[in-house]
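Q: Before anything else, here's the structure in question.
Only the coordinates and a few stated rules stand behind these numbers; no lab work does. Just so it is clear, the model here is predicted, and its values are computed rather than measured. Cβ: placed from backbone, ideal geometry, glycine included. Neighbour counts: every protein chain shown.
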Amino acid sequence: MIVLITGASSGFGEAAARKFVANGAQVVGTGRRGDRLEALGKELGSAFHPLIFDVGNRKQVEARLGKLPKEVAAVDVLVNNAGGAIGLDPAQSAHLDDWDAMIDSNVKGLVYCTRLLLPGMIERGRGHIVNIGSVAGNWPYPGGNVYGAAKAFVQQFSLNLRSDLLGTPVRVTDIQPGLAGGTEFSQVRFKGDEKRAAAVYEGTQPLTPEDIAETIYWVVNQPAHVNVNRIELMPVCQAFAPLAVKRQG
Ligand code: NDP
Ligand code: 8X3
């Protein structure tokens, strides 16, 4: 099995790369940070193939995915994982650069990779697109504005892909994790503010990258006639807030 995982230089993607390689797959792991991918390659050996590009840069995506090394060109599973949140500011004061970056990675990157790898999957008669969405796409929260909207896009795009792919054997799954630690998600969201990032997980037992890797591995290894459309998972310590009401006075 050949698995291409975007965002394998950290967090969920890195854990998923370990999981698939440990179970005999060839993994193409992508990211912008070549040094991180190289280190992972040293650990995982020849079954891991690093590929450096920015998923939000269409020219780079086309160049890299259009010319995959022959031994890993027939991708069976695409895990669209690269992405994340940048900032937690309310919409009225958020930075447009942050919004651009979130749309570029979570939305544009995901559609570019999908569009480029789908025809080969259809031609070969097998394939699975696993998109990493988020609870943020289902449940609004203050400051979630564009990040949540981007993940809502991921959900609807995943469902619409299923419509287009009806009649082909290609499967599509949207995995929607809640609070998950052990990744760089909050360091990135808070732009390197380690204290603020750490506070997000204080006193909690969040999901782990390995939990998400297990989930990805499980959906991919269901019998070929089974399509898991979407999975939303949270740590037990997380649930839903009441609807907000602004009272006078
Ligand atoms: P990390 O920050 O640890 O990992 C993000 C990965 O995405 C890195 O490998 C990073 O690589 C890559 N990436 C980000 N932007 C780009 C880009 N423009 N081009 C190429 N690669 C990029 O976070 P997580 O592992 O937590 O997040 C993985 C996914 O899971 C994201 O889509 C995130 O939104 C989602 N998610 C995370 C949750 C959490 O609580 N942690 C919960 C729900 C969903 P590099 O920097 O090297 O480019
Ligand atoms: C990451 C989970 O709740 O921080 O997608 O948005 S959350």
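Q: Give me the net charge for the shell around G56: Cβ to Cβ below 11 angstrom, other residues only, Lys and Arg +1, Asp and Glu -1. Numbers along the way, then the final one.
A: On the way: positive: R32, R58, K59, K108; negative: D54, D100, D104.
After counting each charged neighbour, the total is +1.
Q: For F48, F20, F240, F157, which order do you get if you count the other beta carbons within 10 Å of each Cβ and list the fewest first?
A: Details: F48 23, F20 27, F240 9, F157 19.
The order, fewest Cβ neighbours first, is F240, F157, F48, F20.
Q: How high is the relative contact order of the range 2-233, given as a whole-number percent (alpha carbon pairs under 8 Å, six or more residues apart)? Walk me through the numbers before you get to the answer.
A: Working: 444 pairs, mean separation 48.5, N = 232.
Answer for the range 2-233 is 21 percent.
Q: Just flag the trypsin sites (Lys or Arg not before Pro) in the range 195-234 sitting in loop per DSSP whose Cβ has no more than 10 other Cβ atoms within 10 Å.
A: Numbers: sites: K195, R196, R230; in loops: none.
Loop-located and lightly packed - none at all.
Q: Mind counting lysine pairs for me in the chain? Cα separation below 24 Å, and the two need to be 8 or more apart along the chain or on different chains.
A: 12
Q: Give a residue-ordered list of calculated ³J(HN,Hα) values for the range 110-125 (Karplus: 6.51 cos²θ - 1.76 cosθ + 1.60, θ = phi - 60°; whole Hz; x for Gly, Pro).
A: In residue order, the calculated couplings are 5, 6, 4, 4, 4, 4, 6, 9, 4, x, x, 4, 5, 4, 7, x Hz.
Q: Hey, what number do you get for the chain at 222 nm if only DSSP H runs of n ≥ 4 count, each worth -39500 (n - 2.57), divided across all residues, to the nearest 500? Don't skip to the answer; put the middle values down first.
A: Numbers: 9 runs with 98 residues, N = 249.
Taken over the chain, the calculation gives -12000 deg cm²/dmol.
Q: Relative to 2.2 N^0.38 Å, what does the C-alpha radius of gyration of the chain come to as a ratio? Two decimals please. Could the numbers behind the result be given before it?
A: Numbers: Rg = 17.9 Å, N = 249, 2.2 N^0.38 = 17.9 Å.
Ratio of Cα Rg to 2.2 N^0.38 Å: 1.00.
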